[in-house]
1. Out of everything in segment 212-228 that is touching a helix residue (DSSP H, G or I) at 6+ places or on another chain (Cβ under 7 Å) and not in a loop (DSSP other than H, G, I, E, B), what residue ends up being farthest from Asp127 (Cα to Cα)?
2. Would you be able to tell me the number of residues in segment 85-120 that are open to solvent by 70 Å² or more (accessible area, probe 1.4 Å), closer than 17 Å to Ala55 by Cβ and assigned to a helix (DSSP H, G or I)?
3. Among residues belonging to segment 186-203 that are closer than 21 Å to Leu123 by Cα and among the hydrophobic types (A, V, I, L, M, F, W, C), point out the one that is surrounded by the fewest Cβ atoms within 10 Å (Cβ to Cβ).
4. Considering only segment 140-169, state which residues are assigned to a loop (DSSP other than H, G, I, E, B), open to solvent by less than 60 Å² (accessible area, probe 1.4 Å) and farther than 16 Å from Ser99 by Cα.
5. Sort through Pro218, Pro206 and tell me the only one that's touching a residue at least 40 places away in the same chain (Cβ under 8 Å) and either crowded, with 16+ Cβ neighbours inside 10 Å or within 14 Å of Val42 (Cβ to Cβ) (or both).
Amino acid sequence: ENARQLQSYYDATQAEQNLAMALMQQQLHRRGLQDPQLRYTVIPAAHFSGDIVAAGRSENGRFYALLADATGHGLAAAISVLPILTVFYRMTGLGHTISEIVLELNQQLRESVPVGRFVAASLVCLDENKRAGEIWMGGTPNALLIGHEGRIEQSFASIHLPLGILASEEAESAPISFRWNSGDQLLLCSDGLLDAENPGGQPFTPSGLQTAIAQTHPESRFDAILGALARHLDGQAAEDDVSIMLIDCP
């Protein structure tokens, strides 16, 4: 009888998880992620990922990208980060500024997520006609602007707090402006990538990432990063969610 009850409980839990996963996949996999100038991956540490990536274009063609990393991992983290997706896609489609989007995302999290839960995020807007971009970094590892031959041209530090901590009237929403050269790429990642440990307990670290992209060409760079991570892990799973976005700057 105990075995039957345990099996029944397991089956019900599995069915609920499958339904939750199907609903989340429908929210996460939007058309904007199929943009030809974007390559990305999200590797969950558990069944559900607290990392999400999103991308879209405004009516005038500006390209937007978001990488978000909720507190912890698993189902609780995944639920924490979902509320910002609808806001992101609605506001980017209308061509709002980075500053406006940051404030709205922050307010959405303040209203929908329990105290103590927050979301680290990187938010980017590229105006390809002007070859000019804006980036806002809140609690995520440095974003890297990478030249054609794999040299780091610029590093964008996380100078803001994650989303959902401060009230919107206190939150800093001003982005950093930058320009790029032909063939440059912008790399965003979550701390799960840099903290991923090999069997000896050594993390991947920013230097491991820089070594992976050194002297690489744009078309092979994403695969070079994934290959370096796989060799580092050596068959071991990362303990935290890993997300990477590599964006071509036309």
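The values are calculated or read from the model by the stated rules, or taken from the named source; none is laboratory data. What you see is a predicted model; the values in this text were computed from it and never measured. Ideal geometry is used to build each Cβ from the backbone, glycine not excepted, and the neighbour counts take in all protein chains shown. Side chains are part of the model used for accessible areas, which takes the heavy atoms of the whole protein and leaves out ligands, DNA and RNA. Shrake-Rupley method; radii C 1.70, N 1.55, O 1.52, S 1.80 Å.
1. Ala228
2. Matching residues across segment 85-120 total 2.
3. It comes out as Leu194.
4. Correct list: Thr140, Pro141, Gly147, Gly150, Ala157.
5. Of Pro218, Pro206, the one residue that is touching a residue at least 40 places away in the same chain (Cβ under 8 Å) and either crowded, with 16+ Cβ neighbours inside 10 Å or within 14 Å of Val42 (Cβ to Cβ) (or both) is Pro218.
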